[in-house]
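Visitor: After the structure tokens below, expect a handful of questions from me.
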Amino acid sequence: LISPSQCLQVILQSNLSPMTSVSAEGSKVVDFGLQAEDAHLLAAYDDNTVIVFRLAGDRAAARVLLKFERDQPQAVQWHPTNPRVFLTLQRDRVVLWHLQLVVQFSTMKLPGFKPF
């Protein structure tokens, strides 16, 4: 993965050729993580969003968008053994997310969480 501030480019390890790239319309990348088992890319941006992308072939499709009312995410990380769990780190909290539950309950209300 290469992150030139506004775009993440996914590179195939086998031949080092570009697979796909993702961006968030002018927002800068703060942090990202690749979950290779299920081909998901987790990206945090400076506009208070976190997007989970599903990588398929030469495309990346947004699967989940989290929009926080305050405090841009400073870091994101996949769980080391559970490919469905990730965390977001903001200035004053760490939130643990379960990918399947976020998709099913995208209208849940959490402090600082604003569904789209």
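Visitor: Work out how much length ALA75 to LYS28 would gain on full extension: take 0.36 nm times their residue separation and subtract the Cα-Cα distance, in nm to one decimal.
Guide: Values: separation 47, 0.36 × 47 = 16.92 nm, distance 1.30 nm.
Gain on extension, ALA75 to LYS28, equals 15.6 nm.
Visitor: Right, something else. Starting from the amide H of GLN72, placed 1.01 Å from N in the peptide plane, find each other amide H under 5 Å away whose residue is 5 or more places distant or on another chain.
Guide: Correct list: empty.
Visitor: Follow-up. ASP47's amide H: which non-local residues (gap 5+, or another chain) put their own amide H closer than 5 Å, with H modeled 1.01 Å from N in plane and none for Pro or chain starts?
Guide: For ASP47, whose amide H was placed from the backbone, the distant partners under 5 Å are LYS28.
Visitor: Note down the net charge around SER27, summing +1 for each Lys or Arg and -1 for each Asp or Glu among other residues with Cβ under 12 Å from its Cβ.
Guide: It works out to a net charge of -1.
Bear in mind these aren't lab numbers, they're just calculated from the coordinates by the rules spelled out. Only a predicted model underlies this, so the values are computations on that prediction, with no experimental measurement involved. All Cβ positions, even for glycine, are placed from backbone atoms using ideal geometry, and neighbour counts span all protein chains on display.
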